[in-house]
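Notes follow once the structure below has been shown.
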Amino acid sequence: MRKSLTHKIISEHLVSGEMVPGEEIAISIDQTLTQDATGTMAYLQFEAMGIPRVKTKLSVSYVDHNMLQTGFENADDHRFLQSIAAKYGIYFSRPGNGICHQVHLERFAIPGQTLLGSDSHTPMSGALGMLAIGAGGLDVAVAMGGGPYYLAMPRVTLVRLKGRLRPWVSAKDIILELLRRLTVKGGTGKVIEYGGDGVASLAVPQRGTMTNMGAELGATTSIFPSDEQSRIFMRAQGRVKNWRPLSADPDAKYDEVVEIDLSSLDPLIAKPSNPDNVVPLKEVEGIPVAQVAVGSCNNSSYVDLATVAAVLKGKTVSPRVSLAVTPGSRQVFTMIARSGVLTSLVRSGARILESSCGPCIGMGQAPPSDGVSIRTFNRNFPGRSGTPNDKVYLASPEVAAASALTGVITDPRKLGAPVVIEQPKRYLLDDSMIIPPSPEPEKVEIIRGPNIKPLPIARPPEDIIRGQVLIKVGDNISTDHIMPAGAKVLPLRSNIPAISEYVFTRVDQAFPERAKKLGGGVIVGGGNYGQGSSREHAALAPMYLGVKAVVARSFARIHWANLVNFGIVPLTFVSDKDYERVEQGDELEIPDLHAAIQKSKRLKVKNLTKGSEFEAEHALSERQVGILLAGGLLNYIRASGAGRSA
Ligand code: MIC
Ligand code: SF4
């Protein structure tokens with residue numbers, strides 16, 4: 001059969017299973033990445049597995065999320081991560097070197113290889129023809145130990161790009177158009193594979209914006225062919241020896257085809273507070289803007305920042321706007337400094353931030369009350385910016401810059417002749433902030449600060465699950481709702497007892513208290529429950545509070561897997577009516593869990609309060625049933641030695 005690019009890479013890495021959509025497969029992992037907010041947990045888990053050295057071709061540990069250091073916690077975590085990396089064979093990208101996905105694309109991504117990262121935007125490296133997947137930290141820990149990564153074989157959607165973008169329209173508009181058409185649930189269970197003659201006109205950093213934000217579609221990953229553009233980029237990064245051409249066979253079969261005519265696209269914008277709330281820019285033009293933020297892992301490349309500088313050149317941002325600019329990496333930072341882009345941005349009034357996630361994850365730069373914030377980021381979930389009831393819009397650097405200038409949402413085409421910035425022919429190469437692992441690992445001592453608490457381990461579930469519905473939520477609840485981030489909570493990522501005090505507090509302040517008082521219970525969710533981030537804290541902290549099961553209308557992929565990994569039973573309603581009937585406070589019971597879950601995909605759930613009963617389904621493979629009944633993946637690995645095979 002004629003193969004898609006996705007099928008080619010998966011079959012080269014297939015360890016077990018059949019490549020039938022929905023079936024569980026296992027693939028070998030060449031590279032891993034972690035960042036500090038999920039990494040400390042991942043490495044505690046890796047340590048608990050007792051493996052002396054990572055078995056991947058390359059593993060990199062980045063520090064980019066927790067950079068405010070408002071107390072000792074972040075700095076302690078950084079030191080812990082550095083010592084772990086030295087000891088276990090991991091490259092350490094120091095704080096200041098940049099945002100993991102941007103740096104990985106620049107320095108490490110390799111066409112045709114697989115990458116597993118403990119961050120949902122790991123697919124960004126798909127811009128170089130890599131199969132790059134986001135997962136929970138524990139799955140990444142297992143991959144570092146040489147174990148394969150298990151996933152449901154995805155369907156493959158070809159996004160056929162035709163023509164060329166018009167002036168002032170950019171890669172961000174292409175991915176916003178896909179979000180408009182497919183929604184945040186549209187990519188579930190799929191790989192988004194780009195093809196068509198329009199691909200050739202998109203440079204790798206532009207492709208990166210699209211593969212990165214494919215995470216917002218709920219896709220397993222997104223991927224571009226490795227072609228002349230990838231060769232140009234890798235040569236400019238001094239890595240052409242790792243380049244190889246790679247594309248789908250002509251006439252490859254796809255499960256679905258979506259066509260986008262690039263030449264027909266206009267600037268788009270995602271309105272608050274979901275990335276798929278996309279409208280043509282003209283619908284919101286003229287709305288006053290209080291803040292503009294350029295950066296995040298999504299639009300922080302050299303060309304992105306140089307474009308903003310060119311739009312603003314010689315002028316000052318509107319008096320009502322605060323403009324924050326984040327270079328995505330130290331490479332970008334040094335290059336804007338050298339080329340004069342930095343001076344130009346500062347002269348225009350930009351507030352320059354260090355290369356880190358920063359405002360994207362609510363680490364500073366929260367917008368003012370009722371103030372509209374235009375961001376070139378990938379997520380605008382409610383409250384994520386740090387301001388309650390925030391109004392965050394997502395748009396391209398072109399739209400962001402035009403709006404910063406005028407103080408209202410502005411179509412950049414009104415600014416006249418387009419700015420055209422060429423991709424650099426040669427990037428500034430300096431990897432001195434990436435520390436290779438120690439040649440003498442036995443001499444390295446792991447440094448643990450007082451905020452790093454031992455990992456709580458789940459207990460195997462009882463045969464009867466009984467408990468109150470602790471909360472009932474609607475559709476598209478993100479992990480930012482379940483386990484908020486931001487300057488106050490993020491420093492607690494290595495301390496589960498402390499962080500669990502914040503579970504669901506953005507939705508319901510009383511949740512942690514209630515869960516503790518009742519000794520745990522059940523969560524009832526709507527559709528796409530757990531979308532967004534890969535943070536396993538959104539499973540781990542509820543587990544710590546005694547949550548035993550989540551019954552939802554449907555789940556987002558990574559969160560679902562995290563629930564299984566931490567021994568929480570994920571079930572879906574068979575009928576929407578049952579979702580409507582169940583209420584917060586109802587006492588639910590799942591009898592005979594152990595036998596029921598092994599025998600059938602359907603389980604009975606009794607509603608003791610209402611004296612009724614409904615059916616729920618699970619989508620667990622045999623292996624996952626084993627994991628759940630063992631009380632999570634760590635227990636399972638310890639018991640079976642699974643995950644250790646190279
Ligand atoms: C995010 O964008 O939400 C994060 C912060 O990068 C997360 C990871 C985390 O919560 O640490 C992600 O996307 O996976
Ligand atoms: Fe960091 Fe934001 Fe990218 Fe997540 S989406 S990795 S928080 S910049």
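Each reported figure results from applying straightforward, stated rules to the coordinates on display, with no laboratory input. Since we're looking at a predicted model, the values are computed, not measured. Methodologically, a virtual Cβ is constructed for each residue, glycine included, from the backbone with ideal geometry; neighbour enumeration extends over all protein chains shown.
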* With each pseudo-label sitting 7 Å past Cα toward Cβ, what's the Glu354-Val279 distance in nm, one decimal? -> 3.9 nm
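Suppose a student asked you for the relative contact order of the range 1-111, using Cα pairs under 8 Å spaced at least 6 residues apart; what percent would you report? Could the numbers behind the result be given before it?
Details: 123 pairs, mean separation 25.8, N = 111.
The normalised contact order for the range 1-111 reaches 23 percent.
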* With a cut-off of 11 Å, note down the residues of the range 583-625 whose backbone N falls inside the zone around a label point 7 Å from the Cα of Arg466 toward its beta carbon. => 588-591, 608
* Asked: Name the GluC sites (Glu not before Pro) in the range 440-524 that are in a loop by DSSP and that have at most 12 other C-beta atoms within 10 Å, would you?
  -> Glu445, Glu462
* Tabulate in residue order the Karplus-calculated ³J(HN,Hα) for the range 257-266, using 6.51 cos²θ - 1.76 cosθ + 1.60 with θ = phi - 60°, rounded to whole Hz; enter x for Gly and Pro. => 10, 10, 10, 10, 8, 4, 6, 9, 7, 10
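Given a Förster distance of 35 angstrom, what is the FRET efficiency for Glu23 paired with Arg53, based on the Cβ-Cβ distance and rounded to 0.05? Show your work: numbers first, answer last.
Values: r = 32 Å, r/R0 = 0.93.
Given R0 = 35 Å and the Cβ-Cβ separation, E is 0.60.
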* Asked: Per 5 Å bin from zero, what fraction in whole % of the C-alpha pairs of the range 225-282 is there, up to the bin with the longest pair?
  -> 4, 13, 12, 12, 12, 15, 20, 11, 2, 0
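I need the peptides 235-245, 347-357, 157-167 ranked by packing, meaning the mean over residues of other C-beta atoms within 10 angstrom, with the highest value on top. Provide the component values of the computation, followed by the final result.
Working: 235-245: 15.3, 347-357: 20.3, 157-167: 18.5.
Per-residue mean Cβ counts within 10 Å order the peptides as 347-357, 157-167, 235-245.
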* Pair Ala310, Lys3: separation of 7 Å Cα→Cβ label points (nm) -> 4.0 nm
* To do: Using label points projected 7 Å from each Cα along Cα→Cβ, tell me how many nm separate Gln423 and Leu455, to one decimal.
  => 3.9 nm
* Asked: Considering only DSSP states other than H, G, I, E and B, which GluC sites (Glu not before Pro) in the range 545-646 qualify as loop sites with at most 13 other Cβ atoms within 10 Å?
  -> Glu583
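How would you classify the range 200-251 from its alpha-carbon gyration tensor, with a ≥ b ≥ c the square roots of the eigenvalues: rounded for a/c under 1.5, else prolate if a/b is greater than b/c, otherwise oblate?
Working: a/c = 2.16, a/b = 1.43, b/c = 1.52.
In terms of gyration-tensor shape, oblate.
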* Pairwise Lys count, the range 493-646 - Cα closer than 30 Å, eight or more residues apart or different chains -> 23
* Asked: Can you give the extra length, in nm with one decimal, that the chain gains between Ala75 and His594 once fully stretched, where that is 0.36 nm per residue apart less the Cα-Cα distance?
  -> 182.5 nm
* Asked: What lysines could a cross-link reach from Lys313, if we take a straight Cα to Cα line under 21 Å and drop same-chain neighbours fewer than 8 places away?
  -> Lys414
* If you take the square roots of the eigenvalues of the alpha-carbon gyration tensor of the range 292-414 and sort them as a ≥ b ≥ c, do you get rounded (a/c under 1.5), prolate (a/b over b/c) or oblate? -> oblate
* To do: Let me know the Rg and Dmax you get for the range 263-345 when you use only its Cα atoms, in Å.
  => 14.4, 39
* Note the full-extension length gain between Lys162 and Ala498 as 0.36 nm times their separation in residues minus their Cα-Cα distance, in nm to one decimal. => 115.9 nm
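As an exercise, use a Förster radius of 51 Å and the Cβ-Cβ distance of Arg320 and Ala200 to find the FRET efficiency, rounded to the nearest 0.05. Mind showing how you got there, number by number?
On the way: r = 41 Å, r/R0 = 0.81.
Efficiency, from the Cβ-Cβ distance: 0.80.
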* To do: Above 11 angstrom, tally the Cα pairs of the range 561-602 and express them as a % of all pairs, no decimals.
  => 76 percent
* Structure fact -> So, relative contact order of the range 233-385 in percent, Cα under 8 Å, 6 or more apart, is 27 percent
* Counting pairs of alpha carbon atoms under 8 Å apart in space and at least six apart in sequence, what relative contact order in percent does the chain give? -> 15 percent
* To do: May I ask for the angle, rounded to the nearest 10°, between helix 330-339 and the longest principal axis of the chain, with both axes built from Cα atoms and the value confined to 0 to 90°?
  => 10 degrees
